[in-house]
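Heads up: the structure comes next, in structure tokens.
The values are calculated or read from the model by the stated rules, or taken from the named source; none is laboratory data. Computed from a prediction, not measured in an experiment: that's the story for all the values here. FYI the Cβ positions are ideal-geometry reconstructions off the backbone, even for glycines, and counts take in every protein chain you see.
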Amino acid sequence: MTQAAWLNRLSLNQITTEKWSLEEVARGCAEAEIGHIALWRHKVEETGLQASRNLIRNAGLHVSSLCRGGMFPASTATERERRLDDNRRAVEQAAELGTDTLVLVCGPGPDRDIATARRHVEEGIVKLVPFARSYGIKLGIEPLHPMYAADRSVISTLNQANTIAEQFRPDEVGVIVDVFHVWWDPELYQQIDRASGRIFGFHVSDWAVPMPDMFKGRRMMGEGVIEINRIRHAVEAAGYHGPIEVEIINQAIWDRPGEEVLEETKASFVKHV
């Protein structure tokens, strides 16, 4: 595959250039000849849904996914229903923006009750699926590294994500494989193979040693310990050949000029993914 053809699979996850507005990131991607973008709802809401859609279309970009739905667990039924309503809005936004994938960051457990929180996640997805189906939106469960179980997601492994996803049709619920979150898992390759036909996204970055920050610690591909290329081949063997999102949450990268970050992203993608 030529370098140009390989770069056609690159999708810039918007969080990588967090300080840029949606207008700036759309223009930056167009100028850098990056054809895919993954959007975050807070950036879409800053700009407005219709304006966001128009910016993306005018830049000639394809939206690989929208982040995030999820955050299902809550202490009360009323709050869980409010969160389900927010997920329905996320589905509507995804459809309007032209993507077929809503990424689910499933949420932490309230009241120190992780088992009940995991049940809330399953119950929330069960309730959301018919609504998402009516809009043609697939729900991608993204397991997060266990260090985020207390504040972001009680779904920590691909095994857990697969077990939930398998309750539904492969075109309804699947998984997101983010190397930052799953690289450590001794069952990783077994679970990627198990997810065959229902991998809805593949995200790349790297894990530095030592980790400079629990949340903003991701690095450019090739600057850490993750076997990114091996994982990518496994994901492709399981049937995923869609956009590959570069998702880097790192304050030092956010503080650099966005144009510079995009050029480094492309070079790192070609060399290490």
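Might you let me know whether the range 239-257 holds any residue that is more than 22 Å from Gln14 (Cβ to Cβ) and modelled with pLDDT of 95 or more? Looking through the range 239-257, at least one residue is more than 22 Å from Gln14 (Cβ to Cβ) and modelled with pLDDT of 95 or more. The set of residues from the range 231-273 being without any contact (Cβ under 8 Å) to a residue 60 or more places away in the chain and of a type in the set (D, E, K, R) comprises Arg232, Glu236, Arg256, Glu260, Glu264, Lys271.
Contact map, the range 111-128: residues that are closer than 12 Å to Ser153 by Cα paired with residues that are modelled with pLDDT under 95, Cβ distance under 6 Å, separation 6+ or inter-chain. Pairs shown: Ala117/Gly109.
Suppose we filter Val179, Val225, Val204 for residues that are modelled with pLDDT of 95 or more and surrounded by fewer than 22 Cβ atoms within 10 Å (Cβ to Cβ); which single one remains? The match here is Val225.
Picking from residues in the range 1-18 that are touching a helix residue (DSSP H, G or I) at 6+ places or on another chain (Cβ under 8 Å) and modelled with pLDDT under 95, the one that is farthest from Val103 (Cα to Cα) is Gln3.
Yes/no per residue for (1) of a type in the set (Gly, Ala, Ser); (2) touching a strand residue (DSSP E or B) at 6+ places or on another chain (Cβ under 9 Å); (3) buried (at least 23 other Cβ atoms within 10 Å of the Cβ):
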site	(1), (2), (3)
Arg230	no, no, no
Gly242	yes, yes, no
Ile249	no, yes, no
Arg256	no, no, no
Glu263	no, no, no
Lys266	no, yes, no
Val270	no, yes, no
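Looking at the range 87-94, is at least one residue more than 18 Å from the chain's Cα centre (by Cα), surrounded by fewer than 16 Cβ atoms within 10 Å (Cβ to Cβ) and among the charged types (D, E, K, R)? So far as the range 87-94 goes, no, none of its residues is more than 18 Å from the chain's Cα centre (by Cα), surrounded by fewer than 16 Cβ atoms within 10 Å (Cβ to Cβ) and among the charged types (D, E, K, R).
Listed here are the residues, each with its yes/no results for (1) under 21 Å from Gly201 (Cα atoms); (2) at pLDDT below 95; (3) of a type in the set (Asp, Glu); (4) surrounded by fewer than 21 Cβ atoms within 10 Å (Cβ to Cβ).
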| residue | (1), (2), (3), (4) |
| --- | --- |
| Asp100 | yes, no, yes, yes |
| Ala117 | no, no, no, no |
| Tyr135 | yes, no, no, yes |
| Glu166 | yes, no, yes, yes |
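When restricted to residues that are within 23 Å of Gly174 (Cβ to Cβ), part of a loop (DSSP other than H, G, I, E, B) and touching a helix residue (DSSP H, G or I) at 6+ places or on another chain (Cβ under 6 Å), the range 218-246 contains 2.
Yes/no matrix, rows are residues, columns are (1) under 17 Å from the mean Cα position of the chain (by Cα); (2) at pLDDT below 95; (3) surrounded by 15 or more Cβ atoms within 10 Å (Cβ to Cβ); (4) not β-branched (Val, Ile, Thr):
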| residue | (1), (2), (3), (4) |
| --- | --- |
| Gly107 | yes, no, yes, yes |
| Pro110 | no, yes, yes, yes |
| Asp113 | no, yes, no, yes |
| Lys138 | yes, no, yes, yes |
| Val154 | yes, no, yes, no |
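Of the residues making up the range 188-217, those that are more than 23 Å from Gln167 (Cβ to Cβ), in a loop (DSSP other than H, G, I, E, B) and out of contact with any strand residue (DSSP E or B) (no Cβ under 7 Å at 6 or more places or on another chain) are Val209, Pro210, Met211, Pro212, Asp213, Met214, Phe215, Lys216, Gly217. The single condition among (1) at pLDDT below 95; (2) part of a loop (DSSP other than H, G, I, E, B) that Ala74 does not satisfy is (1). Condition (residue is more than 25 Å from Val91 (Cβ to Cβ) and assigned to a loop (DSSP other than H, G, I, E, B)) applied to the range 161-172: is it met by at least one residue? Within the range 161-172 (the criterion being more than 25 Å from Val91 (Cβ to Cβ) and assigned to a loop (DSSP other than H, G, I, E, B)), the answer is no, since none of the residues qualifies.
Residue-level check: of (1) within 21 Å of Lys127 (Cα to Cα); (2) free of Cβ contacts under 8 Å to residues at least 12 places away in the same chain, Gly48 misses just (1). Please verify whether the range 13-34 includes one or more residues that are more than 30 Å from His272 (Cβ to Cβ), over 18 Å from the mean Cα position of the chain (by Cα), surrounded by fewer than 18 Cβ atoms within 10 Å (Cβ to Cβ) and not basic (Lys, Arg). No.
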